[in-house]
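A quick write-up on the structure given underneath.
Laboratory data are not the source of any read-out in this text; all were calculated from the coordinates shown. Predicted model, so just to flag it, every value in this text is computed and none were measured. In this analysis, Cβ positions are derived from the backbone assuming ideal geometry, glycine residues included, and neighbour counts consider all displayed protein chains.
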Amino acid sequence: MELLSILNEMEEFVQNSSRVPMTKKVLVDEDKMLDFLDRIRTILPEEIRKAKWVVQEREKVINETKAEAARMMEDTQKEIHRRAEESEIVKQAKGMADEIVRKAEQTSRDMRLGARDYADEVLVKLESRLERLVKEIESGRSELKAMK
């Protein structure tokens with residue numbers, strides 16, 4: 001920065017100037033000192049403008065960083081919410097699948113029991129008919145034996 005350079009020159013000038021004996025005072029060339037001050041006055045607005053620009057850029061970067069952080073937080077919250085919903089959907093689907101399997105197993109048991117009951121009923125009727133047939137056969141044989 002040019003301002004610092006001028007201030008360093010000014011400091012060196014003061015340190016190298018003649019001293020008033022027995023005091024801490026220094027004799028300086030008025031024109032030279034005024035020249036330093038004029039140079040500072042001309043540079044100062046430029047330095048202030050640069051400093052303002054640096055501050056503005058810093059604020060811009062801070063604001064952009066805050067916005068990016070907020071966006072990242074929002075994205076993270078959405079992802080957490082999405083995963084939680086997926087987890088809930090998976091739980092619901094698993095529950096539904098378990099219910100379907102349970103109903104299918106129950107239906108299968110009911111069908112097996114129904115089939116057994118039907119088969120038993122058919123066999124009971126068949127047995128009853130066979131018993132009648134056997135009785136008819138025995139009766140017919142008895143009649144044939146009686147005719148001999």
List pairs: first residue in segment 19-48 and surrounded by 10 or more Cβ atoms within 10 Å (Cβ to Cβ), second residue of a type in the set (D, E, K, R) and part of a loop (DSSP other than H, G, I, E, B) anywhere in the structure, Cβ distance under 8 angstrom, at least six positions apart or on different chains. Arg19/Lys25
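Would you be able to say whether some residue in segment 59-69 is assigned to a helix (DSSP H, G or I) and under 30 Å from Ile6 (Cα atoms)? Step through it out loud before you land on a result.
Step one: list which residues in segment 59-69 are assigned to a helix (DSSP H, G or I), which gives 59-69.
Within this subset, residues satisfying the condition of being under 30 Å from Ile6 (Cα atoms) are 59.
Yes, some residue in segment 59-69 is assigned to a helix (DSSP H, G or I) and under 30 Å from Ile6 (Cα atoms).
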